[in-house]
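Step one of this worksheet: look at the structure below.
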Amino acid sequence: MMILPPASRIEVADLPVPPPHAGEVDAVLIPADQLQERIHELARKITADYAGRDTVIVALLSGTVMFLADLMRRLEFPLRLDFMGVSSYGSGTESGQLVYTKELKLSIRGRHVLVVDDILDTGKTLRSVTAKLSELGPASLKTCVLLDKPERRTGQFEADYIGFEIPNLFVVGYGLDYDERYRNLPFVGVLKPHVYSEPTCV
Ligand code: PRP
């Protein structure tokens, strides 16, 4: 059986912030090349685990877009892709009420489901999504997250495949947003506190 190297705990290193983002980003937490290396490892393990199974990848909108695109192109087995829209409408940096904005199009009954998301924070989103999906009769149900912030967890939940364990910092980039901004950054960075302590418009 193939072993996935455990998710390494990332700490802020002294990496230069690219000039266009230096005003709003305090530090680079995970540079682009390190993201790609780890995603490659995850993809090899997922390919080994799922090859030959009738698989549906369920990706959660919107933060997962970059991770999903880089992961999926490396999965070397036939699969189906579907999306669920789920957003936590909170104030500022705090997560709030969960709202489903898009339901599944495909049937997952009797199929092996892998839910892909960008970050596991309080765990509220994945606890709700996995409870909802398990009622639809999948053959198996697992979760894959790029980032895991275990200090923020408000209830029991662990993902099956984890890219990186990160400290309790407000991170953006590589799909993750603050007020719908910063998703396009090619790295995961730490937002400067002045950005989220000042009022903004979406
Ligand atoms: C973010 C992120 C996860 C969720 C994690 O989604 O994409 O789905 O929060 O937080 P939790 O573990 O505390 O539930 P968000 O609601 O911000 O939507 P987005 O993906 O569109 O940014």
Checking R152 against (1) more than 10 Å from the ligand (Cβ to nearest atom); (2) open to solvent by 30 Å² or more (accessible area, probe 1.4 Å), only one condition comes out false. Which one? (1)
Those strands (runs of 3 or more DSSP E) completely within segment 92-202 that have 2 or more residues that are under 15 Å from the mean Cα position of the chain (by Cα) and within 22 Å of M72 (Cβ to Cβ) are 112-120, 140-148, 161-165
Any residue in segment 192-202 that is open to solvent by 50 Å² or more (accessible area, probe 1.4 Å), more than 12 Å from the ligand (Cβ to nearest atom) and of a type in the set (V, I, T)? yes
Part of a strand (DSSP E or B), open to solvent by less than 20 Å² (accessible area, probe 1.4 Å) and away from the ligand (no atom under 14 Å from the Cβ): is that true of D82 in this structure? yes
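The values are calculated or read from the model by the stated rules, or taken from the named source; none is laboratory data. Treat the numbers as computed from the prediction; the structure is a model and nothing was measured. Note: ideal-geometry Cβ built from the backbone for every residue, glycine included; neighbour counts use all protein chains shown. All accessible areas refer to the heavy atoms of the entire protein, side chains included, with ligands and DNA or RNA removed. Shrake-Rupley method; radii C 1.70, N 1.55, O 1.52, S 1.80 Å.
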